[in-house]
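The values are calculated or read from the model by the stated rules, or taken from the named source; none is laboratory data. Computed from a predicted structure; not experimentally measured. In this analysis, Cβ positions are derived from the backbone assuming ideal geometry, glycine residues included, and neighbour counts consider all displayed protein chains. Ligands, DNA and RNA are stripped out before the accessible areas are found, and what is left, the full protein with its side chains, is counted by its heavy atoms. Shrake-Rupley method; radii C 1.70, N 1.55, O 1.52, S 1.80 Å.
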Amino acid sequence: QVHFVESGGGLVQPGGSLRLSCSTSESSISAYHVGWYRQSPGNQRAVVATISTHGSDLYVTSVKGRFTISRDNTKVYLQMNSLQPEDTGVYYCNTDPPKGPLWGKGTQVTVSS
């Protein structure tokens, strides 16, 4: 069954950067509107940024100016700059809006000094 696959997470100091990548296990990601979602400790999973099949992007207020979502024919990316401890969490990608069976394992991002 098709699901999304995330990579690129890690441990970074406040002010640092990471680039997350998202692909699909089988079909072409270019067919989907895609979102990046974050589940922070103690919180529900919530959208962070979305990108349409045509490249139109949207961001939640807390990451505007720091995160950039982009895509090519095979992957969707999330460039995260000026990372802060509150950005810590497991990052997932999925369709926008998300579909339950497509969730992957996510990639852990930890921002800590």
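Structure summary
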read-out	value
Sole exception among (1) under 16 Å from VAL2 (Cα atoms); (2) out of contact with any strand residue (DSSP E or B) (no Cβ under 7 Å at 6 or more places or on another chain); (3) assigned to a loop (DSSP other than H, G, I, E, B) for SER113, by number	(1)
Near pairs, Cβ below 6 angstrom, 6+ apart or cross-chain, from the range 22-45 (touching a residue at least 24 places away in the same chain (Cβ under 8 Å)) to any residue that is loosely packed, with under 10 Cβ neighbours inside 10 Å and of a type in the set (S, T, N, Q)	SER30/ASN73
Among (1) closer than 15 Å to HIS3 by Cβ; (2) touching a Gly at 6+ places or on another chain (Cβ under 7 Å), the one test that THR24 misses	(2)
The range 1-60 - residue that is loosely packed, with under 15 Cβ neighbours inside 10 Å, aliphatic (A, V, I, L, M) and within 14 Å of TRP103 (Cα to Cα) and, of those, modelled with the lowest pLDDT	VAL2
Residues that are of a type in the set (S, T, N, Q), open to solvent by 30 Å² or more (accessible area, probe 1.4 Å) and closer than 17 Å to ALA31 by Cβ, drawn from the range 71-113	ASN73, THR74
Test result for ASN94, touching a helix residue (DSSP H, G or I) at 6+ places or on another chain (Cβ under 7 Å) and in contact (Cβ under 8 Å) with a residue 12 or more places away in the chain	yes
Matching residues, the range 61-70, being of a type outside the set (Phe, Trp, Tyr) and buried (at least 16 other Cβ atoms within 10 Å of the Cβ)	VAL63, THR68, ILE69
